[in-house]
Structures are given as C-alpha cells and as structure tokens.
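K.L.:
Structure below; questions to follow.
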Amino acid sequence: MGIIEVSDLRKQYGSIPALKGISFTVEAAERVVVLGPNGSGKTTTLDILGGFLRPTAGRARVLGAYVPHLPLNVRRQMGFVFQDKAGLYPELTVRESLDLFGGYYPNPLPTSELLEKLALADRRDRWVRNLSGGERRRLELAVAILGRPRLIFLDEPTANLDPEARLLIWDLIEELTGSGVTFILTTHNLEEAGRLGRRVLLLREGELIFDGPPQTMIAQAGLPYRISFRRADAALPPALVVRARVEGDRITLPSLQPDEDLLVLRKSGVGLEDVSIQSPTLEEAYLALLKGASHEHHHPNAITPSLAGQ
Ligand SMILES: Nc1ncnc2c1ncn2[C@@H]1O[C@H](COP(=O)(O)OP(=O)(O)OP(=O)(O)O)[C@@H](O)[C@H]1O
C-alpha cells in the first residue's frame with residue numbers, strides 16, 4: 001500500500017476546473033516535487049491530500065485513510081508548511097511556539113534540537129511577530145517536523161529565502177528522507193526541483209502531464225545536447241557544419257546523438273580541444289513539455305502517448 005494513493009482526483013471551484021482527474025501513488029521515503037505554472041493545481045492537490053479541501057470527485061488515500069476525513073492518529077503523522085496558512089501565534093516567542101506545538105504530540109523532538117537544526121537558537125526568545133520572513137519559514141519547518149511525521153507537505157518551502165536558508169532547508173529535507181520520511185513539495189525553482197526531486201509530477205491546467213524522475217523528464221522532452229569544443233584548423237564535416245554555432249574559436253553543436261556526432265567529428269580529423277557535452281536542463285525540459293501539452297490540450301486525453309507510459 002502506498003503512503004499516498006490518488007485516483008482520478010478532481011476539483012471544481014464553481015465553473016473553474018482546478019484538477020481534471022489526476023492519479024498517482026507515492027511510496028514511503030519518496031521525495032516528490034510537484035511542478036507546474038501558476039494556477040495549474042499544485043496547491044489544490046496538496047490541500048486535498050492534507051485533508052483541508054474536499055475533492056469534487058475521485059479518491060485520495062493518505063496513510064491508509066481517505067481524505068478529507070483524516071483521523072487524528074493519521075494527522076499526527078503528517079507535517080505541513082503551507083503558504084500563508086501556518087497557525088503560528090505572533091505573541092509567542094520562538095521557543096514558546098515549539099513548546100506549545102510539541103505538546104500536541106506524544107513524542108516530540110526536543111525544542112533545543114529543533115532550534116539547533118533550524119539555526120534558530122539565537123532567536124529563541126524573539127516574538128514570532130518580529131521574525132524575518134526567512135526566520136518565520138524556518139520556524140514553520142521546525143513546527144512541521146517536531147511531531148516526527150512520516151509524511152511532510154511543503155508548499156514552496158524556499159520561496160523568497162536567501163541562499164543560506166535554502167541550503168539549510170535542502171540539507172534538512174535530505175537528512176529526513178534518509179531516515180524514511182516521505183516528502184511532497186511544490187516549487188517554481190527548477191534548480192531546487194532537480195536537486196531535491198527524485199520524482200517530478202508536472203501539472204498543467206489541472207492535468208498530470210508527466211510523472212517520473214527528473215532525468216526521464218529531460219530525456220522525454222527530446223531536446224538536443226550541446227557539444228562544445230575549441231576550433232582547430234580542419235573543416236567541420238558538412239553534415240554538422242549547418243548546425244554549428246561559431247563564437248571566436250569555440251564551436252557549439254546542438255546534437256540529439258552526442259556520442260555519434262562526437263565520433264563523426266573525431267573521425268573527420270577535426271582537432272578537438274576542450275570538449276564538453278552539456279545536457280539540456282530541467283528548466284528547458286519543463287518549458288518544452290508544457291508547450292507540447294498546450295498543443296495537445298484540446299484533446300480529451302491530454303497525456304500524449306509518449307508521456308502516458310511514465
Ligand atoms: N478557493 C478558490 N476559489 C476559486 N478558484 C480557486 C480557489 N483556489 C484556487 N482556485 C483556482 O484553481 C486553479 C488552481 O489553483 P492552485 O492554487 O491549485 O494553483 P497552483 O498551481 O498552486 O498555483 P501557484 O503556482 O500560483 O501557487 C487556479 O485557476 C485558481 O485560480
């Protein structure tokens with residue numbers, strides 16, 4: 001049984017279809033990044049899985065219970081950082097907040113350990129109302145993990161954070177995954193998605209158009225690699241010269257088969273120096289797949305055959 005099992009989930013806000021029937025399963029200790037443009041249904045998905053929002057149709061089972069009625073013993077195993085929805089009390093200090101929320105759980109992490117982990121030790125006596133945005137986010141994360149949850153939802157956990165705070169959060173997420181915690185998070189930062197996401201769910205207009213590892217997403221987009229090398233005297237083979245971009249003594253060649261093209265180059269006697277092969281980025285793949293999906297999306301089943309097998 002998966003930690004999360006979603007089947008043909010739909011959400012309609014009046015006449016707005018926010019989710020048009022998505023299905024997926026998440027296993028223990030997976031780290032799933034939900035990607036998609038503004039309004040594609042990411043927050044709606046997390047809200048439904050957290051038990052905060054009733055789906056219009058379809059089913060979602062979380063830790064063995066069906067949403068939206070998640071019993072207390074299930075909710076105690078879940079942690080959340082949601083945009084602008086954290087129930088922090090402005091008139092409490094950081095330490096008082098952790099002590100208060102810790103009281104809700106049978107075996108909370110010690111406050112001192114949380115302060116240390118989230119680099120909040122020197123802010124322990126500051127009122128929540130006076131915390132900076134980044135400090136507040138770190139406190140929200142501390143509250144999310146203090147009950148030792150098995151499943152953590154993070155909606156844009158590092159939005160507007162400085163690079164240091166972002167790294168601290170990435171390290172914490174990786175550490176917790178190592179101890180078996182399951183994460184489902186959203187981000188608009190493709191670097192973050194590539195770093196954290198062992199699996200990507202890509203939403204567009206309420207439809208799931210890709211589900212798989214970031215590397216597969218890059219491959220799926222069918223974008224060229226870039227072979228780059230320094231110019232030598234010999235001419236490029238005519239088959240490749242039409243694709244080459246020349247800048248000073250550096251030549252860049254877009255290539256769908258970099259290994260084959262390199263072989264052709266080497267055989268042709270072109271002296272290659274400083275050769276590098278650059279893969280398309282996750283961001284390029286993201287943009288390409290969304291464009292492909294927009295092309296398809298007037299058809300009733302918007303998942304293209306090549307994506308459907310993922
Ligand atoms: N309470 C609501 N009432 C009406 N429409 C809503 C409501 N909440 C969300 N929507 C609409 O549902 C769609 C999906 O919204 P959702 O917040 O899930 O998108 P998102 O992918 O999280 O976007 P973002 O990246 O901007 O956070 C959008 O068109 C949004 O306007």
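K.L.:
Give the calculated FRET efficiency between residue 113 and residue 5 to the nearest 0.05, with a Förster radius of 30 Å applied to their Cβ-Cβ distance.
P.N.:
It comes out at approximately 0.35.
K.L.:
Taking θ as phi - 60°, what are the ³J(HN,Hα) couplings along region 150-166 by the Karplus curve (6.51, -1.76, 1.60), each to the nearest whole Hz, with x for Gly and Pro?
P.N.:
Per residue, the Karplus-derived 3J(HN,Hα) values read 8, 9, 10, 9, 10, 9, 6, x, 10, 4, 6, 9, 6, x, 5, 5, 4 Hz.
K.L.:
Put a dot 7 Å past each Cα toward the Cβ at residue 59 and residue 247; how far apart are the dots in nm?
P.N.:
5.5
K.L.:
Same structure again: If you take every residue apart from residue 261 with its C-beta less than 13 Å away from the C-beta of residue 261, what net charge results, scoring Lys and Arg +1 and Asp and Glu -1? It would help to have the intermediate numbers written out before the result.
P.N.:
Details: positive: 226, 243, 266, 267; negative: 259, 260.
Local charge sum for residue 261: +2.
K.L.:
Now, a different point. For residue 58, which sequence-distant residues (separation of 5 or more, or a different chain) have an amide H within less than 5 Å of its own amide H, given hydrogens modelled in the peptide plane?
P.N.:
Sorted by chain and number, the residues that satisfy this are 10.
K.L.:
Give me the number: length gained by fully extending residue 28 to residue 219, i.e. 0.36 nm times residue separation minus the C-alpha to C-alpha distance, one decimal in nm.
P.N.:
Gain on extension, residue 28 to residue 219, equals 66.2 nm.
K.L.:
Next question, about the same structure. State whether region 114-158 is rounded, prolate or oblate according to the following rule on the C-alpha gyration tensor (a ≥ b ≥ c being the square roots of its eigenvalues): a/c under 1.5 gives rounded; otherwise a/b larger than b/c gives prolate, and the remaining case gives oblate.
P.N.:
The shape class here is oblate.
K.L.:
Once you have the Cα-Cα distance between residue 129 and residue 83, take 0.36 nm times their residue separation minus that, and quote the gain in nm to one decimal.
P.N.:
14.9 nm
K.L.:
Could you work out the relative contact order of the chain? I mean the mean sequence separation of Cα pairs under 8 Å and 6+ apart, divided by the number of residues, in percent.
P.N.:
On the way: 565 pairs, mean separation 57.6, N = 310.
Rounded, it is 19 percent for the chain.
K.L.:
Taking H as built 1.01 Å from N, whose amide H comes closer than 5 Å to the amide H of residue 152, not counting residues under 5 places away?
P.N.:
For residue 152, whose amide H was placed from the backbone, the distant partners under 5 Å are 79, 182, 183, 184.
K.L.:
Non-local amide H neighbours of residue 210 (under 5 Å, H modeled in plane, Pro and chain starts lacking H): which ones?
P.N.:
202
K.L.:
Which values of log₁₀ I(q)/I(0), to two decimal places, follow from the Debye formula for region 224-280 at q = 0.13, 0.22, 0.23 Å⁻¹ with a uniform point scatterer at every Cα?
P.N.:
-0.25, -0.78, -0.86
K.L.:
For region 99-212, build the convex hull from the C-alpha positions and give me its volume per residue in Å³.
P.N.:
Dividing the Cα hull volume of region 99-212 by its residues yields 128 Å³.
K.L.:
Let me ask something else. Per-residue HN-Hα couplings for region 103-120, Karplus 6.51 cos²θ - 1.76 cosθ + 1.60 at θ = phi - 60°, whole Hz, x for Gly and Pro?
P.N.:
Here the 3J(HN,Hα) series is x, 7, 10, x, 9, x, 5, x, 4, 4, 5, 5, 4, 5, 4, 9, 6, 10 Hz.
K.L.:
Taking Rh as the Kirkwood radius computed over C-alpha pairs, what is the Stokes-Einstein D of the chain at 20 °C in a medium of viscosity 1.002 mPa s, expressed in µm² per second?
P.N.:
The diffusion coefficient I find is 98 µm²/s.
K.L.:
Another question about this same structure. Fewest Cβ neighbours within 10 Å first, please rank 78, 217, 1 accordingly.
P.N.:
1, 78, 217
K.L.:
Quick one: Karplus J couplings for region 73-81, per residue in order, coefficients 6.51, -1.76, 1.60, θ = phi - 60°, nearest Hz, x for Gly and Pro?
P.N.:
Computed from phi, the couplings for region 73-81 are 5, 7, 4, 5, 9, 10, x, 9, 10 Hz.
Taken together, the values in this text are just the output of simple stated rules run on the coordinates, not laboratory data. Only a predicted model underlies this, so the values are computations on that prediction, with no experimental measurement involved. We place every Cβ from the backbone using ideal geometry, glycine too, and count neighbours over all the protein chains shown.
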